[in-house]
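See structure below.
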């Protein structure tokens, strides 16, 4: 059964949290698709993942880079899985109609934006109604994640 984790960003931005989550995915030998809300967001994240940490390497690509099947992390606006990923990371309130094709979904949303919080609650309700295994994670004071009930 697909597990859906909702990550409530409060202390760190998406740009700070996403690379850490993707590093954990790759450490486990998994592949990921990052589903973003716009081509501009894909471009921004694509550039950011190359430069977020001078001492780190996070292999990834997007449509203009090509070679989707070879990319451990694929950035896209399309509801697709060209790299055979088992993890889907959704940002910007994006939503997949094919969530059951992944083992894990990570839904990252901005907890400082009331509209994003409302939209995340709606996605939670939809996922619950669909029978997915749901967990909610909230950032703590140190920027780490605490599982909440």
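Scanning region 136-148 turns up no residue that is more than 19 Å from residue 10 (Cβ to Cβ), in contact (Cβ under 8 Å) with a residue 12 or more places away in the chain and part of a strand (DSSP E or B). Is at least one residue of region 4-14 buried (at least 20 other Cβ atoms within 10 Å of the Cβ) and farther than 21 Å from residue 145 by Cβ? So far as region 4-14 goes, no, none of its residues is buried (at least 20 other Cβ atoms within 10 Å of the Cβ) and farther than 21 Å from residue 145 by Cβ. Within region 26-72, the set of residues being crowded, with 19+ Cβ neighbours inside 10 Å and over 15 Å from the mean Cα position of the chain (by Cα) comprises 71 only.
Considering each of 55, 143, 84, 93 in turn, give the residue that is at pLDDT below 95 and on the phi > 0 side of the Ramachandran plot. Just a single option satisfies the conditions, and that option is 143.
Does residue 108 fit the bill of being at pLDDT 95 or above, surrounded by 15 or more Cβ atoms within 10 Å (Cβ to Cβ), over 21 Å from residue 69 (Cα atoms) and under 15 Å from the mean Cα position of the chain (by Cα)? Write out each step before concluding.
On the way: at pLDDT 95 or above: yes; surrounded by 15 or more Cβ atoms within 10 Å (Cβ to Cβ): yes; over 21 Å from residue 69 (Cα atoms): yes; under 15 Å from the mean Cα position of the chain (by Cα): yes.
For residue 108, the condition - at pLDDT 95 or above, surrounded by 15 or more Cβ atoms within 10 Å (Cβ to Cβ), over 21 Å from residue 69 (Cα atoms) and under 15 Å from the mean Cα position of the chain (by Cα) - is met.
Filter region 1-25 down to residues that are outside any helix (DSSP H, G or I) and over 23 Å from residue 127 (Cα atoms) and give me whichever is nearest to the chain's Cα centre (by Cα). If we take residues in region 1-25 being outside any helix (DSSP H, G or I) and over 23 Å from residue 127 (Cα atoms), then 13 is nearest to the chain's Cα centre (by Cα).
Summed over region 26-42, residues that are touching a strand residue (DSSP E or B) at 6+ places or on another chain (Cβ under 8 Å) and not in a strand (DSSP E or B) total 5.
The set of residues in region 43-81 being in contact with a helix residue (DSSP H, G or I) (Cβ under 9 Å, 6 or more places away or on another chain), assigned to a loop (DSSP other than H, G, I, E, B) and in contact (Cβ under 8 Å) with a residue 40 or more places away in the chain consists of 72, 77, 80, 81.
The values are calculated or read from the model by the stated rules, or taken from the named source; none is laboratory data. Owing to the predicted nature of the structure, the values given are computational and were not obtained by experimental measurement. Using ideal geometry, Cβ is built from the backbone for each residue, glycine included, and neighbour counts are taken over all protein chains shown.
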